[in-house]
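One structure is given below, encoded as structure tokens.
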Amino acid sequence: MIQYGAEQATEFTFQQYRASIEPRDNQWVDVELRFELKPGCELPVELTDLTALLICTRTGDIFQIVPQDEGRDCEFQFTEAEKVQLRLYYDMQVKPRLLQLVKSEA
């Protein structure tokens, strides 16, 4: 995690993912990823309930990955390594479900 304006980053390892998929409109699908941090990783004191919001197209492509705290934007961003973890989980576990959901809506 990188706090805006900070020069130092903390690298988190995520585990025990849970995903919820919510079609927003005819263009976007929101995917909320909840996760636990690997033992030994601690959230910054400024964060209470860290999740990731993946804004995706209806074809399953990730447009943006946004960290959220208690369901709202926060003053942190994910590192590239953290985004890789989130993308891997999404591609393997969530994207097939998203595509099936979008197909069933058509």
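The values are calculated or read from the model by the stated rules, or taken from the named source; none is laboratory data. Since the structure is predicted, the reported quantities are computational estimates derived from the model, not experimental observations. SASA here: full protein model, heavy atoms, side chains in, ligands and nucleic acids out. Shrake-Rupley method; radii C 1.70, N 1.55, O 1.52, S 1.80 Å.
Rounded to the nearest 500, what is the 222 nm mean residue ellipticity of the chain from helices alone, with -39500 (n - 2.57) per DSSP H run of 4+ residues and division by all residues? Write down the numbers at each step before the final one.
On the way: 2 runs with 21 residues, N = 106.
Estimated from H runs of four or more residues: -6000 deg cm²/dmol.
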Exercise. How big is the gap, in Å, between the Cα center of the range 83-99 and the Cα center of the range 1-26?
Worked result: 13 Å
Problem set entry | Area accessible to solvent at Thr13, 1.4 Å probe radius, in Å² | 60 Å²
For this session: Heavy atoms only, probe 1.4 Å: what % of the accessible area of the chain goes to carbon and sulfur, would you let me know?
Result: 46 percent
Problem set entry | Global geometry of the range 1-53, whether rounded, prolate or oblate, following the gyration tensor of its Cα atoms and the 1.5 cut on a/c | oblate
Exercise. Lysines within cross-link reach of Lys95: Cα-Cα under 18 Å, excluding same-chain residues under 8 positions apart?
Worked result: Lys83, Lys103
Exercise. If one takes the longest principal axis of the Cα atoms in the chain, at what angle in degrees, from 0 to 90 and to the nearest 10, does the Cα axis of helix 95-105 lie?
Worked result: 40 degrees
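May I ask you to give the solvent-accessible area per residue for the range 2-105, in square angstrom, as obtained with a 1.4 angstrom probe? Before the final figure, lay out the partial values.
On the way: 6460 Å² over 104 residues.
On a per-residue basis, 62 Å².
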Exercise. How far, in nm, would the chain grow between Tyr17 and Thr48 when pulled straight, counting 0.36 nm per residue and subtracting the alpha carbon separation?
Worked result: 9.4 nm
Exercise. Gain in length, Gln93 to Glu32, computed as 0.36 nm per residue apart minus the alpha-carbon separation, to one decimal in nm?
Worked result: 20.7 nm
